Structure formats: C-alpha cells, structure tokens
C-alpha cells in the first residue's frame, strides 16, 4: 500500500486477449467441435406446476438420427443444490436432475441427443408427456398465504426457501421515539435478467478411463466440477472442467444448470461427445434472473437529517428453486444495516418459492433491491426536512469505523469522498438550484437531477469463507507464467492479474502470460463472482510473485556477491542500490548455463480474505416527456472509490456496463411472467428491452483511490458489482426532481409516468378544493 | 433451427409455380431478416423457402418529383433510404426507413418484405398508406395493382392469392403544397418494434388543408386510416384547436390491444399525442 512508483499497475496496458477477440480467433465453448459429436436438446414443460403422469419417448427414440433420450426414469436421483458453493451458509438442496414433477413453465422434463441440432430439436416434439396439473403460485403475495399450494416438501415450511433472516442492532423502538420525522413506504422491483451475449453452452466427453472432460461457459469451474462429481458419484480427478473465453455471466453462470448434468449423462450413455447450447429463449426460461422483490421500509430522522432508526422487511421471489436465494436474502438484508449509518436497525428478509423461472445470482446480489428503497426514501426525507439531497447523504454516509454489513469496521471515508467529489464535478448545486426544469425546444419535456449511492463488498465473506490461489512460474528464459483458477468473464481480470504479477515481481507486463480455466492444471478457485477477483486472487498472485522475486534476488545476490536486500529488480533487470553500472538480466541470474539447468522456480500464493467495501455515488440528469411518459437518461456521472486502480480502462468499462444494465433495470428491462399461469410473456430479445448503444447517455466516469483496503493488492477493491446499484435510485430521484412524481418500483414505464402525473394532478386539484 | 427445403427459382413463373405446388409451408425468402428469426424461434413452421434473389427485374428504384416513387421487391430499406431525393420528397418514408431495426438489418431487409409480413406495427406501412401507395403483383392469371390501404386483411394476412407475388411499390408524386410526416413511438431508439406509429400526409392550398390522410400503426389488426379525424382537418387552417380535436378523434378511431409491450389505453393515448405532433411537424416544415 505504501508503494508510490508504479510501472505497470494503474496503466491501461493492452489486454492480452484483444487480438484474438477482434479477429474471432478466441475460442468460446460453442467453438469446440469433435469428431462424432452429438447435439443435445431439452424438452421443456408447457405447464408451470404438475406431476408427470407418464412420459413416452418411443417415437423420439425411433426418429432417424436420435441416439438417446433421458427422462427422470434414466438419471441418478440425487437431491442437490442449484448453487454449488461449498458449505455456503444456508443452501437448500431442492433439485433433482430430472424430477417426476415440474415446478415452472419451461423446466426440462427430458433430454435428447442426436446427430444434428435440428434432429434433436425435431425429436422433442415426438416426446409425449402427460401431466397431472397442480395448483400454481405465481407471485410473492400468493406464495405467502397460509393456504398457498406448496412447491417443495423440503425447506423450513410454507414456501420459504430458508428460515427468515433477522438482523437487529441497537434499539429500534427507542430510535423511532427520538425521531422528528418518520417515513414509511412500500417498494417493489421486476425481473431483470442478465442477458449475457453468450448463451449457456457445454460439451461433454468421456474417455476410456471413465473420466469426464467438460467444457462449459461458467464463472465457477471448480464448483461445476464439485457438483458434477458429487451427483455423478465420481472422484474430483475424474472430472475435468474447462472454460476459456466467456461471453459474460454477470453472476447467473454460477449455478450448476440442469442441462450441464444432462449433457454429461447423454455423452456417457452414447459414448460420444455431446454439445448442448441454449437458444436465446432458453437463456430466459431456463436461465437465472434477478430476484423480484417486495419491500417495506420505515425510517426515523432527526431534524438535522440524522438517521435514528430503520426497520425493513423484504421478500425475494426465488422462483421454482432455491439457487442463490439464501445468499441473496442474507446479503440483501444485511446490506441495509449500512450505506447510511444508523445505530438502530431491525431487518427481516425472506425468500419464497413460486412456480416461475429461477432467480439466481445477478450483479448486485440483493443489494440492488434494498438500496433502491433506502436511497429513494433518503431523498424523500431530504425534501421533507428541507436539506439538499447530496448534503443529506453526506451527513449520513457510512464512514471509517462504522460496522459494515459483514460485521467488521469500515476502512476510510470512501462514500463521503465520492459524494463530495461528484457534487463538485457534476456542478450539483447549480443544477439543482436552477429556477426551472424546462428543456429548450421540447415544451412537453422536463429535466431533473438525482443522486444515488452504494457500497458493495468484495468477496462473499462472511457468507462464504473464500480462498484465492495463484501459482507463478518462471520459465528458463525468464518469462513468467501465472496459473489461476479465476474465470475470465470478459472483464479483463486476467490482464489485471498479470499486471499485478509483473509489478510485484519487477518484470515487464509482456513477459507474463496467464493460464486459466482447466481444473486439472490451475490452482483451485472458488469462482469469479462477488467482485473479488482483483481483490482476492490479485492478492494471492501478488503473494506468489513476491516469493518468486525474493528467490530471484537471493540467486542474483550470490552471482553479484551482494546482499539480496541491496538489490532492485525493474523490468527484469537486477541492479545494486548505490552501484550504478552493476546489473544482471533476469536470464543471466536465473537461466541455464554450461549444461546446468535453470533453477526450478515456482511459487504459490493462497489468500483467505475477509471483505473490503467499495463505494460509489451516481449523479444523473434525466429528461421526462410529460406527454409520452418516456424517460431519457441524458447524463450520468458515476463516482467510484476502488482503493487502487489497476487498469483504468477496464475499471471504466465495468462502470459503463453497470450503468447500462442499471438504466435497463430502472426503465425498460423486465422479464414478465403471466401471473395467471406462469408462462413467459417476453422470453426473447424482441420484447425484453435492454438499452442499446443509441439509448446510452453521456457517461463521465470518475475513479477515486480514496479509501484503499489493506486486504487488496496495494489497496485495490472490487468494481464489478458496484456500478449497477446506485444508478437506479439516482434515476428515480431525478424523475421526481423533473416531474414531482415519486416511484417506488422498477422498471418505471412510460405508462407509469403518465398515470403518476395524472394522480398528481388529481391530488393537486383535490388539495385545491 | 428446424430443417427446410431451399429453392432458388429464376423467374416469376417458377416462383409462382413453387408457391402453388408446395402449399402452406412455403414462404418467399428475400431479405430473411424476419423470417429466419421466426424459424429459429419456432414462431413459424416453414417447410420450403423460395428464394427470389435470382429472379430478374425485382430491383431498381426510380424517384422524382415528376414521376413519384417506384421500387422493386428486392429493394432493401438501406438502399431506399440512401436513394437520392427520397429524403426530400418522402421525408415520412425516409424517417420510417431509418427507424426500422438497425443499420445492419436495413442493409438486408427488403421494404416489400416489411410490407408483405403485414405486421400492424411495420414502420414502412403507415407513411406509404398515407401517401396513397399501391402494390404491384404478379400471378399467372394476371398482374394486379392494389392500393396499399386495401392490401391487408389482418395481422400477417393480405389479399395476395396462392402463387401471387408482390413485385413493386409505387407512390404518387408529391403534389405542390403537400407535406408528410411519420413518428414512431417505442421504448428504444433502435432495434424496436413500434408501440404506435403515426403517419400524416396533408395537402394544402393557400394555407387551407385540402386533403388529409392519417395512418395509424400498431393500434389495430392492420394499419388503420382515421377518416373522421382527417375530415376534421380538411377545410381548416390547421389551427391548434382543430389539430387537437382531430388528434382526439383519431384516438377514437383506433382499436388497440393490450400486450406485453403496452396497454391498449396507453396506445390510444399515444395516438392522440403522436397525431398532434405529426401535424405540428408538418406545419413546421410547411412554414
């Protein structure tokens, strides 16, 4: 952390995978083809909740080109987790590979392997399934009714996925008694899905020794290995999971999916490689969305804006299976202890099953939902108390020493720095103070300004005790190979790790190459999620590089007949402090000579982090058309504290992508399920509306190194999830600033805006009477 | 994607013969930007694709103030939008073309494909209907020229008979004192299906509206005209009050549905807003 002079870290070096990506040579799972490979497809249920009375595959099996069909009669019946995190706090085992019951519309009931994708697809129509319909539950409220149909016979009872999460600090009743202002509100959010560019895909191949090689687009290759081995009854060294490039995951590709088991089993049955690739439609029905939610929030404030009490109840909709609901409920609920400091909090979080597609992990992991409510109510309080919204946040911002959601003290003043910096750079006071909200040339439009804040942890501690590992090898020519189990979702994580190794070791960036994504080769890794790769694996890589460097300097010291502590290594050149002119190249120090092999140099770093928190404040300008109800996000200034910036362009890319997804959540994206029968109404990109390049606002990202965390390399903290959190409430608050209508839900549709304006007008008219 | 047979005939006779003999499962392939997606997503069962790219005489654009506009079945949206004079003479059609999908799709999608798909939300239909366009068809029993306003019979349906092929679109030349506009309403700025689309074409003389044609997209089973709203405009100086009442009248003349894209009420309300805005846009150009 004390290092001042960086040669590689902090610079936007060229990513090592740029050329192969732009030329199309980068290999994604879908690019793998093998001789004799078959294609798998899944027959999906057309009813949301039912028992399977019978399933007849005889016609499908007889169809030319079909090699195998699997139903619940043919696969191991092992109850397993959807989310395969080992020993995760509270996972519920609630899934079979195939069951004699379906719990959501689109759940797989059978799988086909055939000689072409087309034949496999056509054979699906020949499978005859007879269902005995069961009463379904399609929304949060119905799921919680005492007489609601039950979706699972495991779990704590009712349709609860886990026992309710309860967090209490201080004395909430006393807090409310001391409050000058108490606000209470209900909030809700839709069902955005991550819509990664690369649909889920895997290829399974068994060899003669009964070993499974499995290529799959996953963020958590070791978790996939573990769950496959457990369910298929294999030792870990008989399952090899491979992933090279990935077209995004955003959290959702942390689950072990039904198709992954089925692909492996089809390949085993046919003794041939099998590929399974989702259609875009399947990424909706069989993918993982964010949890829809309902939330009640009550907070008490003093006249000066100080928060004195907070009470929150949140219910997350898990869909048909538990997946990440335990984690999301714990993290989302606990997150409301913080952001805005409050000594007295009482929080209750639940997750409920419904007969809808599965909600899983998605960037922002429960925090998107709870902070949407916290930050909108903070705006309401500011208005009621006559305090500027930014000033109100500054007064309440979490700071050094406050107890974080994870239970340990916050380090530094990151959030305050983000707010203060943004207030200046965005010219907040002048904009908010403008006499009107008119837009030149658009008589029906109004502009508005809003702020939203966030904090998010790097690593899933304390829910999961994580571990990051790295192995750094020096080859006999002095080049360096980093072996890491961290997946590359497309974020540039491997580039950042190589930068960290090069910086710590004292070699050039180009001399470091990265090997990843092969569970038989690279060190174990928990997976790429929880904004922890740079923070946790980066530290492990730095530890390994430091050890290697020490060994190089010892060897060089012998050759130079100097003390190792007097040596410096920069760009692979070793020099002696105070003795200009004396130097060795790394190759001279370490390389083979006169028939003597080079020293075998390999070092490993293993790091079990606690948690750091990154902070952000988003400043937003919107324009609202009061006749069409369309909200346009015109300008965003995201200000983020990341402790130490490793690669500025990659960090900025994370921020811009998060802003884009956050705008989508707040304004246009919602995967809609018909609440009368559980069917999907927009499972495709025609009617699921992600914002595209032309919809994007002007984004001016500001990255701060305000509160470095000693747990990360040179103080670096995560940036992956943070940018999606604050943008939502910032937009909602800006809409209020523009038209005076408060929204407590997302997405805020044009129709909502018009209805809101009408309601406001009516209220105004009534008040006038 | 499901399997289908691919045919590439060389003449209209062959195309027609194939469509007739292959029956319901046969579809014409021109740009394919909609059809292939529908096949892939299993929205349409296709047994045969009859590719018309090898058929001569289906391309070419003529566009002039004297003769009006004529383009063939293979004309892409991108090609037509870029054609000299089109943006000046038919700014409504130009705006509709530029609002269609994305640049990449427009370089492949044919305008007549967009029309023959007969979606009520198709961007190019409202301006062409408002401008009195006709569609030319070929059939062994004889060619026809059908006013576009009479071409559609429902979502995805038209008056085309089995074996009949749309070959060209013609649009009358713009009259002096005539003005036109198209406004598309959607949640996104590109790659969007219209929630509502409104085209207004007005003829004026000495500041008086002599004829008005309002075409409403995505608010009925086919693109609708709003004759009573049009009648309110004719004979007036298009003062704000008249325009507002015509817009309100147009709201009454549409028959929208509710679906995942929008509610019927919202669509109806947007017909009012967009009709007024389209007339205003016309007046701004006229001024």
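The values are calculated or read from the model by the stated rules, or taken from the named source; none is laboratory data. This one's a predicted model, so the numbers in the text were calculated from it and none came from an experiment. Cβ placement follows ideal geometry from the backbone for every residue including glycine, while neighbour counts extend to all protein chains displayed.
Of all residues in the range B:276-287, those satisfying the criterion of being within 12 Å of chain A (Cβ to nearest Cβ) and either modelled with pLDDT of 95 or more or under 22 Å from the mean Cα position of the chain (by Cα) (or both) are B:276, B:277, B:280.
Would you mind finding the one in A:644, A:689, A:717, A:634 that is within 14 Å of chain B (Cβ to nearest Cβ), touching a helix residue (DSSP H, G or I) at 6+ places or on another chain (Cβ under 6 Å) and outside any helix (DSSP H, G or I)? Give the steps one after another, and end with the answer.
Details: A:644 fails: within 14 Å of chain B (Cβ to nearest Cβ); A:717 fails: within 14 Å of chain B (Cβ to nearest Cβ); A:634 fails: touching a helix residue (DSSP H, G or I) at 6+ places or on another chain (Cβ under 6 Å).
The unique qualifying residue is A:689.
One residue alone among B:215, B:118 is under 15 Å from the mean Cα position of the chain (by Cα), at pLDDT 95 or above and surrounded by 22 or more Cβ atoms within 10 Å (Cβ to Cβ), and that residue is B:215. Every condition in (1) away from every other protein chain (no Cβ under 14 Å); (2) under 24 Å from the mean Cα position of the chain (by Cα); (3) surrounded by fewer than 23 Cβ atoms within 10 Å (Cβ to Cβ) is met by residue A:695 except one, and the failing one is (1).
With respect to residue B:251, determine if the residue is in contact with a helix residue (DSSP H, G or I) (Cβ under 7 Å, 6 or more places away or on another chain), part of a helix (DSSP H, G or I) and not assigned by TED's automatic domain parsing to the domain that holds residue B:125. Considered against the rule, which asks whether it is in contact with a helix residue (DSSP H, G or I) (Cβ under 7 Å, 6 or more places away or on another chain), part of a helix (DSSP H, G or I) and not assigned by TED's automatic domain parsing to the domain that holds residue B:125, residue B:251 comes out as yes. Is it fair to say residue A:60 is in a helix (DSSP H, G or I) and either under 30 Å from residue A:351 (Cβ atoms) or more than 23 Å from the chain's Cα centre (by Cα) (or both)? When the stated conditions are applied, residue A:60 passes them.
Residues that are under 22 Å from residue A:288 (Cα atoms), within 14 Å of chain B (Cβ to nearest Cβ) and part of a loop (DSSP other than H, G, I, E, B) do not occur anywhere in the range A:125-147.
Does residue B:240 satisfy the condition of being within 14 Å of another protein chain (Cβ to nearest Cβ), surrounded by fewer than 19 Cβ atoms within 10 Å (Cβ to Cβ) and more than 21 Å from residue B:96 (Cβ to Cβ)? If you could, list the steps in order and put the result at the bottom.
Working: within 14 Å of another protein chain (Cβ to nearest Cβ): yes; surrounded by fewer than 19 Cβ atoms within 10 Å (Cβ to Cβ): yes; more than 21 Å from residue B:96 (Cβ to Cβ): yes.
Criteria met by residue B:240.
Note on the range B:160-223: enclosed strands (runs of 3 or more DSSP E) holding 1 or more residues that are touching a helix residue (DSSP H, G or I) at 6+ places or on another chain (Cβ under 9 Å), closer than 27 Å to residue B:59 by Cβ and within 14 Å of chain A (Cβ to nearest Cβ) are B:178-185, B:196-205. Answer yes or no as to whether residue A:732 is more than 22 Å from residue A:410 (Cβ to Cβ), out of contact with any strand residue (DSSP E or B) (no Cβ under 6 Å at 6 or more places or on another chain) and touching a residue at least 60 places away in the same chain (Cβ under 8 Å). Yes, satisfied.
With a requirement of 1 or more residues that are modelled with pLDDT under 90, the strands (runs of 3 or more DSSP E) lying completely within the range A:525-630 that satisfy it span A:579-585.
Within the range B:29-42, residues that are in contact (Cβ under 8 Å) with a residue 12 or more places away in the chain and at the interface with chain A (Cβ under 10 Å from one of its Cβ atoms) reach no partner that is part of a helix (DSSP H, G or I) and surrounded by fewer than 19 Cβ atoms within 10 Å (Cβ to Cβ) with beta carbons closer than 8 Å at six or more positions or on different chains. Give the residue that is nearest to residue A:622 (Cα to Cα), with candidates limited to residues of the range A:756-769 that are without any contact (Cβ under 8 Å) to a residue 24 or more places away in the chain and either within 14 Å of another protein chain (Cβ to nearest Cβ) or assigned to a loop (DSSP other than H, G, I, E, B) (or both). Checked the range A:756-769; the qualifying residue nearest to residue A:622 (Cα to Cα) is A:756.
Please verify whether the range A:522-532 includes one or more residues that are without any contact (Cβ under 8 Å) to a residue 24 or more places away in the chain, more than 14 Å from every other protein chain (Cβ to nearest Cβ) and surrounded by fewer than 22 Cβ atoms within 10 Å (Cβ to Cβ).
From the range A:522-532, those without any contact (Cβ under 8 Å) to a residue 24 or more places away in the chain are none; that's our starting set.
No, there is no match, as no residue in the range A:522-532 is without any contact (Cβ under 8 Å) to a residue 24 or more places away in the chain, more than 14 Å from every other protein chain (Cβ to nearest Cβ) and surrounded by fewer than 22 Cβ atoms within 10 Å (Cβ to Cβ).
So, residue A:464, is that one over 20 Å from the mean Cα position of the chain (by Cα) and farther than 27 Å from residue A:584 by Cα or not? The answer is no for residue A:464. The residues of the range A:500-524 that are part of a helix (DSSP H, G or I) and touching a helix residue (DSSP H, G or I) at 6+ places or on another chain (Cβ under 6 Å), listed by number, are A:500, A:501, A:502, A:504, A:505, A:509. On inspection, residue B:113 fails the criterion of being more than 27 Å from residue B:55 (Cβ to Cβ), away from chain A (no Cβ under 14 Å) and either touching a residue at least 24 places away in the same chain (Cβ under 8 Å) or in contact with a strand residue (DSSP E or B) (Cβ under 7 Å, 6 or more places away or on another chain) (or both).
Please find, within the range A:67-93, the residue that is modelled with the highest pLDDT out of those that are closer than 16 Å to residue A:227 by Cβ and crowded, with 24+ Cβ neighbours inside 10 Å.
The residue in question is A:81.
Looking at the range A:148-243, the strands (runs of 3 or more DSSP E) lying wholly inside it that each contain 3 or more residues that are in contact (Cβ under 8 Å) with a residue 24 or more places away in the chain and over 25 Å from residue A:41 (Cα atoms) sit at A:165-169, A:181-189. Taking the condition in contact (Cβ under 8 Å) with a residue 24 or more places away in the chain and not in a helix (DSSP H, G or I), does residue B:127 pass? Judged against the criteria, residue B:127 is not a match.
Selection within the range B:254-274: residues that are touching a residue at least 24 places away in the same chain (Cβ under 8 Å) and outside any helix (DSSP H, G or I). The member of this set that is farthest from the other protein chains (Cβ to nearest Cβ) is B:255. Of note, residue B:146 does not satisfy the criterion of being crowded, with 24+ Cβ neighbours inside 10 Å and not in a loop (DSSP other than H, G, I, E, B).
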